[in-house]
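The values are calculated or read from the model by the stated rules, or taken from the named source; none is laboratory data. For clarity, every value in this text was computed on a predicted model and none was experimentally measured. Backbone-built Cβ (ideal geometry, glycine too); neighbour counts: all protein chains shown. The protein model used for the area step is the full one, side chains on, heavy atoms only, and it has no ligands, DNA or RNA in it. Shrake-Rupley method; radii C 1.70, N 1.55, O 1.52, S 1.80 Å.
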Amino acid sequence: MQEGLGSIPESGNAPKTLRETIEDYTHSSNILKEIHMIKQPLWDFQGVTKAVEYCVRATGFPNKITIAFPTTNNKVSAFSSHPLSRMAQSCWTWCLLAVTCLWIIFLPLFYIVRKKVKTTIVSEYPVLISGPDFYTRNYYMIQGHVLSRSFTTVDAL
């Protein structure tokens, strides 16, 4: 997939274009309809992972290394503008249902009635810094953190 927007169908569904996915959402008459988009950075995560692991190993660190790139706020959701849809998404509504124990009735109904678009929209976007530039700029900082956390020196008497 090139930079930009695309769609990925759920398993068992035929592939759809982005336009078909949006049309499915807009033409749906369900008042509890929803559609989701996932943002993905275009970055060489494997290359950066190998480079950071090399940097850590260069310090003499012998233990297991886990390198992760956590993402936050990478999912955008769009819901119907119908008042019942807004009420169903409201925290106050769910708190009231929890206090009155009516969630036992309304939660199953909500999951049965709502309609998710079966295709996930994926938005790929370039990052501001390339993988090699990230590695070059942060090489000494990574080594400094590894050295300060992994080895403790004991002064002899």
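Side notes on the structure shown:
- Estimated at the nearest 10 Å², the accessible area of His27 is 150 Å² with a 1.4 Å probe.
- The C-alpha atoms of the chain define a longest principal axis, and helix 91-100 lies at about 70 degrees to it.
- A prolate overall shape is assigned to region 48-95, the ratio a/c of its alpha-carbon gyration tensor axes (a ≥ b ≥ c) being 1.5 or greater and a/b exceeding b/c.
- D_trans [Stokes-Einstein, Kirkwood Rh over alpha-carbon pairs] for the chain, 4 °C, 1.567 mPa s, µm² s⁻¹: 64 µm²/s
- Which of Lys75, Lys116 is most accessible, then next, and so on - probe 1.4 Å: Lys75, Lys116
- Inverting the pair-averaged 1/r between distinct Cα atoms of region 13-99 gives 17.7 Å as its Kirkwood hydrodynamic radius.
- For region 27-41, backbone phi angles converted through the Karplus equation (6.51, -1.76, 1.60; θ = phi - 60°) give residue-by-residue couplings of 7, 5, 8, 5, 7, 10, 6, 8, 9, 10, 10, 10, 8, 10, x Hz, Gly and Pro being listed as x.
- Each Lys and Arg adds +1 at its Cβ and each Asp and Glu adds -1 at its Cβ; summed about the Cα centre, the chain shows a dipole of about 340 debye.
- Taking θ as phi - 60° and the Karplus parameters 6.51, -1.76 and 1.60, the scalar couplings of region 77-88 work out to 10, 10, 10, 5, 8, 5, x, 5, 5, 5, 5, 5 Hz in sequence order, x denoting glycine and proline.
- Only lysine pairs 8 or more places apart or on separate chains count here, and in the chain those with Cα atoms under 22 Å apart total 18.
- Taking the helices alone, the chain has a mean residue ellipticity at 222 nm of -14000 deg cm²/dmol, built from -39,500 (n - 2.57) per DSSP H run of at least 4 residues and averaged over all its residues.
- In sequence order, region 128-136 has phi-based couplings of 6, 10, 6, x, x, 5, 4, 4, 5 Hz under the Karplus curve 6.51 cos²θ - 1.76 cosθ + 1.60, θ = phi - 60°, and Gly or Pro positions carry x.
- Share antiparallel - DSSP beta bridges, the chain, percent rounded to 5: 60 percent
- GNM result for the chain, Cα springs below 10 Å: residue of Thr100, Thr120, Thr21 fluctuating most strongly: Thr100
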